[in-house]
Amino acid sequence: MTDFATRRRTIFFTGVFITSIIIITVTFAIVSLMQNAQEDYDQKIRDLHQIENLALDVQYTFKLQVQEWKNILLRGDDQSLLEKYYLSFSFHHDLTQQKTNELIASLNAGSSILNYATDFKQQHKDLLIQYQNALDVFVSNQFDAKLADKTVRGIDRKPDQLLIELSKQLEFELEHLQITFNTELYDTKVKLGIAFFAIQGLLCLILGRLTARLLNLSLTHKVTGLSNRNYFIESVNDCLKVKRDATIAIIDIDEFKIINETCGNLGGDEYLKKIGILINDLIKQNGKVFSIGADLTAVIIFLPHSEAIDKLNQIAKQIENFKFQWSDISVSLKCSVISYRVNSKPKESVESVLNDLYVGLQVAKQDSNSTLVDFNKKDGGIAWLQKQLRMVHQITNILENKDAVLFFQGIYPIQKKSSDVYYEVLLRLKNKKGEYESPGLFLKTAERFKLIKNVDKYVITELLVYLTEHPDDHFSYSINLSGQTLSDSSFVKFFKSTFQNVDIDLSRLSFEITESDAISNIDSAKLVIQCLQQFGCKVVLDDFGTGMSSYAYIADMKVSTIKIDGTFVQDLPNKASNLAIIKSIVALAREMSIETVAEFVETQAELDLLEQAGVDYAQGFYLNRPELLVAPSKH
């Protein structure tokens, strides 16, 4: 397939790029090393030149000292001139000593020049005593210059010779440093050159070997050894490009977690390997098999679509019949399959095909009557799920923009002893035209994708804002709570923080929970219900009568109202059994001092029968349709 060559070229050129970067980095490192060596050499040269300048300073000041001694002998017969030249002589002696100290301080302990400098310093210091003795001879013998000069003649030659030797040693060290540097630099260049070309050769060798290895790894699933998701996507893309007739399918092992839980991860990996081998043997030369997820296997079959469907049914049957043995455990699992015919429409993209496959797979997993679903855009289940997937991205925006609007529907007393009317809070969505639409898709999507708790928070918050802004509204309101909210004990914190910050009579609020949700999450439900009741709120058991264990939990949950499921109310005059069920619910409720509400009332006949049965309240389109929640004066 073309993706193999494309991926190989990609990996090769990526390797070339990385190798080039490494070579450039090594080159910069070598250049930097050479620059550091050059800088080190330059610094040593500068240090030697500094020593050389200090040595010249010593020679110069010493010569000036000797010259001032000669001035004393030639012109010192005058007392004032004698003092002048002697002071200059002493100054240059001290200056020579100072320069010599600076020279010694600049030398390393192991320097060959150090001995010359220290010897000169000592000999120069000893000269001062001899010159002072000669000066005494000069003064005491009536300024006899010849006699004084004879006393110190030649004593400056030895120190001067030491300075000459020091200068020669400096020249030698400079020359030796230059020769050593050039030699070391040449050796370094040779070694680095050899290392540089060796690294290039090694990198090229590694690049050649890694190209094939990386290509294989990038296209292979590490557990099953089959081609992986990347290769699958490239293969789908190839099919679309060449418009090759093919059937793409995804196979999902149902309840794969059973394998992991009973056999462990190693057992799960072994099962997937065997399933991959099983599918590969069935496909053979007619297609390609891919591992694209934890328990997802994809196939591309290059056969006419009807034959490909037969092949997929055969695969599904083989997987169902396959008995996986792990130690003393034997497991058989079923699978769900979604198939997709390529070129079923003129303009397809990889993204759209994969999206359609994953949507169809969800439908296949939900369809208990069929293992294999052949993708069809007109399929009701697929179309509905695609709408939900589009809606899931809009839910947050709808809530943030407050495009979800509160409506209300009256719940009316139908017995003389019953209290006043109160209202159930409902939701409607405001579209771009400003019209209100049913929230069915919105709520189903929010529930499916775990966003319904955000919707519950939104409704509660919006209702409390409305009641705060309309203190003249003294009606009571009933709010629906989802099963996800009811099963989330952390919601107690939300209720506490919200209710503690409002100045509203919370006994006016009722919360409707469904019978099935309350029973399936009884422990968490109790925590939420107790929190609501502590704030004075009432709890209503909604859709009552459709569950199996309702009676055992009614007293335990301390509900104030039972809402009889609408399926018992619809067409009530023609269903005597439903009326009997309603009467039994009413009798039970009265024994427990619980009020009853019948919903979905649509005719006067239904209302009359409910009144005769003793139901306390009625709700439905016959009484009134949901309306926008507005100021109470407009109710």
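The values are calculated or read from the model by the stated rules, or taken from the named source; none is laboratory data. All figures in this text were calculated on a predicted structure; none of them were measured in a lab. In this analysis, Cβ positions are derived from the backbone assuming ideal geometry, glycine residues included, and neighbour counts consider all displayed protein chains. Remember, those area values only see protein heavy atoms, side chains included, never the ligands or the DNA or RNA. Shrake-Rupley method; radii C 1.70, N 1.55, O 1.52, S 1.80 Å.
For the reader, a short list of remarks on this structure follows.
- In summary, the convex hull built on the alpha carbon positions of segment 52-174 has an orientation-averaged projected area of 7.0 nm².
- With all protein chains modelled, accessible area of GLU602 [1.4 Å, Å²]: 100
- The calculated Kirkwood hydrodynamic radius for segment 106-181 is 14.7 Å, given to one decimal from all distinct C-alpha pairs.
- Segment 268-374 - convex hull of alpha carbons, volume per residue in Å³: 108
- When the charge dipole of segment 250-303 is built from unit charges on Cβ atoms (+1 for Lys and Arg, -1 for Asp and Glu) and taken about the Cα centre, the candidate among ILE275, CYS263, GLY287 whose Cα reaches farthest toward its positive end is GLY287.
- Out-of-range pairs (alpha-carbon distance over 31 Å; input LYS430/LYS583; LYS365/LYS402; LYS457/LYS563; LYS273/LYS365; LYS365/LYS583; LYS402/LYS496): LYS430/LYS583; LYS365/LYS402; LYS365/LYS583
- Length gained on full extension, THR546 to ASP269, computed as 0.36 nm times the residue gap minus the Cα-Cα distance: 95.4 nm.
- Answer label for semi-axes √(5λ) of the Cα gyration tensor in Å (calculated), chosen among [x] 102, 44, 21; [y] 88, 30, 23; [z] 38, 29, 26: [x]
- With 5 Å bins from 0: P(r) over segment 283-327, alpha-carbon pairs, percent: 5, 19, 22, 26, 17, 7, 3, 1, 0
- Note that segment 432-516, at 10 °C in a medium of 1.306 mPa s, gets a Stokes-Einstein diffusion coefficient of 110 µm²/s from its Kirkwood radius over C-alpha pairs.
- Taking all Cα pairs closer than 8 Å and separated by 6 or more residues, the relative contact order of segment 129-267 comes to 7 percent.
- Computed P(r) (all Cα pairs; segment 569-635; 5 Å bins; percent): 4, 17, 25, 20, 14, 10, 7, 4, 0
- The chain: angle of helix 604-613 to the longest principal axis, Cα-based, in degrees nearest 10: 90
- Its residues counted as N, segment 212-296 yields a C-alpha radius of gyration over 2.2 N^0.38 Å of 1.18.
- Of the trypsin sites (Lys or Arg not before Pro) in segment 239-268, the ones in a loop by DSSP (not H, G, I, E or B) with at most 16 other beta carbons within 10 Å are LYS243, ARG244.
- Accessible area of LYS334 in the full protein assembly, 1.4 Å probe (Å², nearest 10): 120
- Segment 72-161: trypsin sites (Lys or Arg not before Pro) in DSSP coil with no more than 16 other Cβ atoms inside 10 Å: ARG153
- Protein heavy-atom accessible surface, 1.4 Å probe, per residue over the chain: 54 Å².
- Cα lying deepest toward the dipole's positive end in the chain, options THR567, ILE529, HIS93, charges on Cβ: THR567
- Think of each Lys and Arg Cβ as +1 and each Asp and Glu Cβ as -1; about the Cα centre, that makes the dipole of the chain roughly 1880 debye.
- Between 0 and 90°, nearest 10: helix 380-392 axis offset from the chain longest Cα axis: 50
- Cross-link reach is defined here as a Cα-Cα straight distance under 17 Å, omitting same-chain residues fewer than 8 places apart; for LYS558 the lysines meeting it are LYS526, LYS538.
- Folded to 0 to 90 degrees: helix 79-105 orientation relative to the chain principal axis, Cα: 40
- Over segment 58-162, relative contact order from alpha-carbon pairs under 8 Å, at least 6 apart, %: 27
- By the rule of a C-alpha distance below 18 Å, with chain neighbours fewer than 8 residues away ignored, the aspartates and glutamates paired with LYS317 are ASP252, ASP254, GLU255, ASP281, ASP295, GLU307, ASP367, ASP374.
- By the Kirkwood approach, averaging reciprocal distances over each pair of separate Cα atoms, segment 462-592 gets a hydrodynamic radius of 15.9 Å.
- Relative contact order, percent, the chain [alpha-carbon distance under 8 Å, six or more residues apart]: 8
- Dividing the summed -39500 (n - 2.57) terms of all DSSP H runs of n ≥ 4 by the residue count of the chain sets its mean residue ellipticity at 222 nm at -21000 deg cm²/dmol.
- Per-residue 3J(HN,Hα) values for segment 451-466, derived from phi via the Karplus relation 6.51 cos²θ - 1.76 cosθ + 1.60 with θ = phi - 60°, read 10, 5, 5, 5, 5, 4, 4, 4, 4, 4, 4, 5, 5, 5, 4, 4 Hz in sequence order (x marks Gly and Pro).
- Surface composition of segment 574-632: carbon and sulfur atoms hold 52% of the protein heavy-atom accessible area at a 1.4 Å probe.
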